[in-house]
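Asks: Got a structure here, written out as structure tokens. Questions coming.
No value in this document is a laboratory result; all are computed from the given coordinates. Note that this is a predicted model, so its numbers are computed, not measured. Ideal geometry is used to build each Cβ from the backbone, glycine not excepted, and the neighbour counts take in all protein chains shown.
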Amino acid sequence: MSGPVQNRRVLSGMRPTGELHLGNYHGALKNWIELQYQFECYFFIADWHALTTGYADTSRLEEHVWSMAIDWLAAGLNPSVATLFIQSKVPEHAELHLLLSMITPLGWLERVPSYKDQQEQLADRDLGTYGFLGYPLLQSADILLYRAEFVPVGEDQVAHVEITREVARRFNHIYGREAEFEQKVEKAIKSLGSRNAALYRSLRKEFQEKGVTEALAKARALVESNARLTVADRDRLFGFLEGTGIAILPEPDALLTATPKVPGLDGRKMSKSYGNTIGLREDADSIVRKLKTMQTDPARVRRSDPGDPDKCPVWDLHKLYSSEETRAWVQSGCRSAAIGCLECKAPLIEKIVAEVSAISKRAAEFEENPELVRGIIAEGCERARAAARDTLDAVRQAMAMNYR
Ligand code: TRP
Ligand code: SF4
């Protein structure tokens, strides 16, 4: 089989908070760009999530949505392999969120660490709202709606994937019971055809007896790729792999990426709220100016004072951008005061300016052609909706609500 691993889904989202910076690029986007060639990827602009903390001023939301779409495309997300869409254009997110809210205990949401943390950090806003409390559940709905297997997120979002697993488990427990499940599963297995039925059974056995997760993934792919199965039979076959009931909503796993530290200009983590960023579309002069004045090891007061790269944020950038050779030059030159900080920054400035100007150039092409961007996103929304509807059909059926 060539191309992406068939039907193994990845989903992730990003809040539209304005122009992206190098921290977003190295921390998330670059990883997505790799994943898109390995999995069936769904990436969305989480405009409803932006409302959970930013409801009081929505005047720039639309601008931020389109600028995020352009940043994504310019950075290298490829709409012919990944599905790129806007959350609020797929109203099924809201429907699933509502249905899941019925079975979610309040305590689960109140215990999510970001609930109290963010309320403290954003003390100037009133976050005592229903929407803010429910934000991790909205995220669960985002993930479960696509029955995603993996969710690439940073450390700070792992708790949200964890609650998603709990919600899925609870949903499957409440709505996945069925009279004569075993008999129905047997029939569904037979309908795979004898070769695939035997393969399904042996993969299930391998997973259940030896815990081989690869076997689980292969068995899922086998089920997914059978276009003749009914939705109900597919869910029975999924559920039987892991337990003894229907898994309408499979439990996702967080895909923790080794996110490199991207320092901001002041040495703290690069973040919009610290005002220490280099934008993905920043012009060269401004990048040069910013990097030249970027914080270095404070021990190097004079040019003749030796320094320690481990105490210098510029060194963290070298780790991201520089070759082995350049890094060795920095190490010895800094520690012996053989090079000055400006000298040390020069190869970095060159690399970053080249990277950002390539992205800016592509971004400009999209900016000049807004209809192209709208078309790409509209197509992504359609594709996402088709997948979302599929899941909601199964959810409604499981809840005995598929009347028309
Ligand atoms: N909550 C995430 C953030 O603030 C964004 C997000 C929304 C997301 N829905 C998601 C990420 C679903 C992964 C999966 O960064
Ligand atoms: Fe930092 Fe380079 Fe200056 Fe050393 S020489 S303090 S690594 S900028």
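Asks: Distance between the C-alpha centers of the stretch 33-65 and the stretch 69-133? Whole Å please.
Replies: After rounding, the separation between the Cα centres reads 9 Å.
Asks: Where does the charge balance sit around L11 when Lys and Arg score +1, Asp and Glu -1, over other residues with C-beta under 10 Å from its C-beta?
Replies: Numbers: positive: R9, R147; negative: E40, D142, E149.
That works out to -1.
Asks: Please tell me which of these pairs span more than 19 angstrom C-alpha to C-alpha: K311/K351; K290/K351; K89/K361?
Replies: Values: K311/K351 22 Å; K290/K351 14 Å; K89/K361 28 Å.
Cα-Cα > 19 Å for K311/K351; K89/K361; rest within.
Asks: Continuing with this model, one more query. I'd like the distance separating the alpha-carbon centroids of the stretch 341-362 and the stretch 256-334, in whole Å.
Replies: 12
Asks: How large are Rg and Dmax for the stretch 177-241 when calculated on the C-alpha trace, in angstrom?
Replies: So, for the stretch 177-241, Rg and Dmax equal 11.0, 30 Å respectively.
Asks: When Lys and Arg each count +1 and Asp and Glu each count -1, what net charge do the other residues less than 13 Å away from R389, Cβ to Cβ, add up to?
Replies: Values: positive: R147, R383, R385, R396; negative: E92, E95, E382, D390, D393.
Residues close to R389 contribute a combined charge of -1.
Asks: Could you list log10 I(q)/I(0) for the chain at q = 0.09 Å⁻¹, which the Debye formula gives when each Cα is one point scatterer?
Replies: -0.64
Asks: Can you list the residues, at least 5 places off or on another chain, whose amide H is less than 5 Å from the amide H of A254, using H built in the peptide plane?
Replies: V151
Asks: Rg and Dmax of the stretch 281-367, Cα atoms, in Å?
Replies: Expressed in Å, the Cα Rg and Dmax of the stretch 281-367 come to 14.3, 48.
Asks: Hey, which aspartates and glutamates would be in cross-link range of K345, C-alpha to C-alpha under 19 Å, not counting anything within fewer than 8 residues on its own chain?
Replies: D266, E282, D283, D285, D297, D305, D308, D310, D316, E324, E325, E355
Asks: What is the local net charge at V90, summed over the other residues whose Cβ is closer than 14 Å to its Cβ (Lys, Arg +1; Asp, Glu -1)?
Replies: On the way: positive: K89, R383, R385, R389; negative: D47, E92, E95, D142, E379, E382, D390.
In short, -3.
Asks: What are the DSSP H helices in the chain that stretch 24 Å or more along their long axis, judged by alpha-carbon atoms, and whose average Kyte-Doolittle hydropathy comes to at least -1.0?
Replies: Those that clear 24 Å and a mean of -1.0 are 158-175, 341-367, 370-398.
Asks: Which of the trypsin sites (Lys or Arg not before Pro) found in the stretch 253-338 are loop residues per DSSP with 16 or fewer other Cβ atoms within 10 Å of their Cβ? Each step should come with its number before you reach the end.
Replies: Details: sites: K261, R268, K269, K272, R281, R289, K290, K292, R300, R302, R303, K311, K319, R327, R335; in loops: K261, R268, R281, R300, R302, R303.
For trypsin sites (Lys or Arg not before Pro) across the stretch 253-338 that sit outside H, G, I, E and B with at most 16 neighbouring Cβ atoms in 10 Å, the list reads K261, R268, R302, R303.
Asks: Whole-Å semi-axes of the stretch 30-158's equivalent ellipsoid, largest first, each the root of 5 times a Cα gyration tensor eigenvalue? Spell out each step's value before the answer.
Replies: On the way: eigenvalues 132, 68, 41 Å².
Each semi-axis is the square root of five times an eigenvalue, giving 26, 18, 14 Å.
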